[in-house]
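Read through the structure below, which is laid out as structure tokens, and then see the notes.
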Amino acid sequence: MYVIGERINGMFKNIGNAILAKDKAPVQEMAEKQLSAGADALDINVGTRVPKSERIAAMEWLVDVVREVTKAPLSIDNPGPSTMRAGLARACVGGGTAIINSTTGRADKLDVFMKLAHEFDAGIVGLSIDENGVAPSADEKLEIGMRIIASAMENDVPIENVFLDPIILPLNVDQAAPGIVLETITQFKMLSDPAPHVVIGLSNLSQGASERPLINRTFLVMAMAAGLDTSIHDPLDDELTNAMVTAELLLNKTIYSNSYLSAYRKSKQME
Ligand code: THG
């Protein structure tokens with residue numbers, strides 16, 4: 001599993017405050033903590049408390065501050081093309097890599113963001129969203145997925161750089177949705193050869209629910225069995241990490257040893 005740490009997001013109070021106060025320490029500590037807990041990449045989201053006119057500058061500040069402590073891939077999490085370009089430019093300084101998080105399947109947006117993916121040799125997350133909003137059925141999600149893959153081909157973006165996101169919504173909003181997402185994950189993997197990556201923003205699922213960590217880790221394991229290979233989540237949740245590493249073992253992706261949990265952690269800390 002490729003883990004994108006979700007915690008550098010202005011939605012979290014301490015990070016939101018740090019962004020507004022231009023206080024580097026909490027951001028850099030959160031970057032280092034997530035990486036030593038096993039994150040492969042870090043999501044970078046300035047949140048909604050920064051005034052619109054200051055979003056570009058805030059993204060540049062946030063990426064620069066994270067780049068001072070790590071060369072890890074950065075997932076630039078923002079819907080606007082100017083802020084995206086600014087974040088990518090800073091993330092890719094000195095050979096760093098980035099993931100565009102994200103485009104939708106709307107033709108005008110898709111074209112602009114896919115061209116950015118080509119220009120920066122970046123990964124790109126494509127959401128199951130189009131002009132009608134979040135696609136509700138597996139068929140409609142697949143249709144948008146196909147459009148995103150076609151656009152990648154047209155723009156010379158390798159499929160290995162494409163991450164399709166079926167969009168997981170809070171369980172308490174629509175209880176049938178997680179099942180549809182599982183079905184979609186399996187079908188996304190059959191859209192092309194090589195297959196695109198499939199990613200979800202796991203924590204969305206449990207927003208507003210009790211038992212958040214239990215709901216998150218149970219669904220992560222189910223989604224992995226369906227073919228999920230990438231997750232935006234909290235790598236500091238140890239029980240979530242244990243469930244993920246155990247699922248990788250049960251899916252025969254890693255080799256069993258009695259100390260497989262500590263082996264995972266050691267392998268990540270040595271990187
Ligand atoms: N797909 C893609 N990108 C995404 C998402 C997605 N990026 C953003 C989001 N969804 C994934 N990241 C988060 C980060 C935090 C939370 C949920 C998803 C979260 N935050 C607490 C809350 O809202 O209750 C904040 C609480 C606190 O302050 O501690 O749940 O789906 N491609």
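The values are calculated or read from the model by the stated rules, or taken from the named source; none is laboratory data. Remember, it's a predicted structure, so these values are computed and weren't measured experimentally. Heads up, the Cβs are rebuilt from the backbone with ideal geometry, glycines too, and the neighbour counts pull from every protein chain shown.
Go through the residues of the stretch 97-106 one by one and say whether even a single one is more than 24 Å from VAL173 (Cβ to Cβ) and more than 16 Å from the ligand (Cβ to nearest atom). Yes: one or more hits.
There is at least one residue in the stretch 186-207 that is surrounded by 15 or more Cβ atoms within 10 Å (Cβ to Cβ) and charged (D, E, K, R).
The set of residues from the stretch 73-96 being at negative phi and in a helix (DSSP H, G or I) comprises PRO81, SER82, THR83, MET84, ARG85, ALA86, GLY87, LEU88, ALA89, ARG90, ALA91, VAL93. Here SER75, SER82 are screened, and the one residue that is at pLDDT 95 or above and within 16 Å of the ligand (Cβ to nearest atom) is SER75. Being part of a helix (DSSP H, G or I), acidic (Asp, Glu), surrounded by 14 or more Cβ atoms within 10 Å (Cβ to Cβ) and away from the ligand (no atom under 16 Å from the Cβ), is that true of even one residue in the stretch 52-59? Taking every residue of the stretch 52-59 in turn, none turns out to be part of a helix (DSSP H, G or I), acidic (Asp, Glu), surrounded by 14 or more Cβ atoms within 10 Å (Cβ to Cβ) and away from the ligand (no atom under 16 Å from the Cβ).
Do we have VAL162 as surrounded by fewer than 14 Cβ atoms within 10 Å (Cβ to Cβ) and among the β-branched types (Val, Ile, Thr) here? Considered against the rule, which asks whether it is surrounded by fewer than 14 Cβ atoms within 10 Å (Cβ to Cβ) and among the β-branched types (Val, Ile, Thr), VAL162 comes out as no.
Listed by first and then second residue, the pairs linking a residue in the stretch 8-21 that is in contact (Cβ under 8 Å) with a residue 40 or more places away in the chain and under 11 Å from VAL65 (Cβ atoms) to a residue that is assigned to a helix (DSSP H, G or I) and within 11 Å of the ligand (Cβ to nearest atom), with Cβ atoms under 7 Å apart and 6 or more places separating them unless they lie on different chains, are ILE8/ILE15.
Please go through the stretch 60-70 and give me each residue that is part of a helix (DSSP H, G or I) and more than 12 Å from SER82 (Cα to Cα), ordered by number.
Taking the stretch 60-70 first, the residues part of a helix (DSSP H, G or I) are 60-67.
Hits for the stretch 60-70 are TRP61, LEU62, VAL63, ASP64, VAL65, VAL66, ARG67.
Considering the stretch 56-79, the residues that are among the small types (Gly, Ala, Ser) and touching a helix residue (DSSP H, G or I) at 6+ places or on another chain (Cβ under 7 Å) include one that is farthest from GLY10 (Cα to Cα), namely ALA72.
The residue that is surrounded by the fewest Cβ atoms within 10 Å (Cβ to Cβ), counting only those in the stretch 1-51 that are within 11 Å of the ligand (Cβ to nearest atom) and hydrophobic (A, V, I, L, M, F, W, C), is MET11. The one condition from (1) part of a helix (DSSP H, G or I); (2) in contact (Cβ under 8 Å) with a residue 40 or more places away in the chain; (3) crowded, with 17+ Cβ neighbours inside 10 Å that GLU140 does not meet is (2).
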